[in-house]
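The values are calculated or read from the model by the stated rules, or taken from the named source; none is laboratory data. It should be emphasised that the depicted structure is a prediction, and the values quoted were computed from it without experimental measurement. Positions of Cβ are generated from backbone atoms using ideal geometry, with glycine treated the same way; all protein chains shown enter the neighbour counts.
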Amino acid sequence: MDDLNELLEPGMLVRHQSHFDWGVGQVQSNIRGRITVNFPEMGKVVIEGSQVALIPVFNQ
């Protein structure tokens, strides 16, 4: 599940697969599979990349 998450870099936009209501978040960091994302409706969230696949957003 975390193969795609490994490609995420700071500045990229993503959605949480289970929480679309959080909105489109911006990746802040991706360190050893722990991805920090700032979501407009949830704030800063640290996600374990091996447990949750984030969905990249390329056009908004």
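When restricted to residues that are in a strand (DSSP E or B) and closer than 15 Å to S50 by Cα, the range 16-28 contains 1. Restricting attention to the range 29-38, does a residue exist that is modelled with pLDDT under 95, small (G, A, S) and in contact with a helix residue (DSSP H, G or I) (Cβ under 9 Å, 6 or more places away or on another chain)? Yes: the range 29-38 contains one or more residues that are modelled with pLDDT under 95, small (G, A, S) and in contact with a helix residue (DSSP H, G or I) (Cβ under 9 Å, 6 or more places away or on another chain).
State yes or no: is I55 surrounded by 11 or more Cβ atoms within 10 Å (Cβ to Cβ) and touching a Lys or Arg at 6+ places or on another chain (Cβ under 7 Å)? Taking the combined requirement at face value, the residue satisfies it.
Results for (1) touching a Phe, Trp or Tyr at 6+ places or on another chain (Cβ under 8 Å); (2) crowded, with 16+ Cβ neighbours inside 10 Å; (3) not in a strand (DSSP E or B), shown as yes or no for each residue.
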{"residue": "E9", "(1), (2), (3)": "no, no, yes"}
{"residue": "V14", "(1), (2), (3)": "no, yes, no"}
{"residue": "N38", "(1), (2), (3)": "no, no, no"}
{"residue": "V46", "(1), (2), (3)": "no, no, no"}
{"residue": "Q51", "(1), (2), (3)": "no, no, yes"}
{"residue": "Q60", "(1), (2), (3)": "no, no, yes"}
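To keep it simple, each residue is scored yes or no on (1) β-branched (V, I, T); (2) on the phi < 0 side of the Ramachandran plot; (3) modelled with pLDDT of 95 or more.
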{"position": "D3", "(1), (2), (3)": "no, yes, no"}
{"position": "M12", "(1), (2), (3)": "no, yes, yes"}
{"position": "W22", "(1), (2), (3)": "no, yes, yes"}
{"position": "Q26", "(1), (2), (3)": "no, yes, yes"}
{"position": "P40", "(1), (2), (3)": "no, yes, no"}
{"position": "G49", "(1), (2), (3)": "no, yes, no"}
{"position": "V57", "(1), (2), (3)": "yes, yes, yes"}
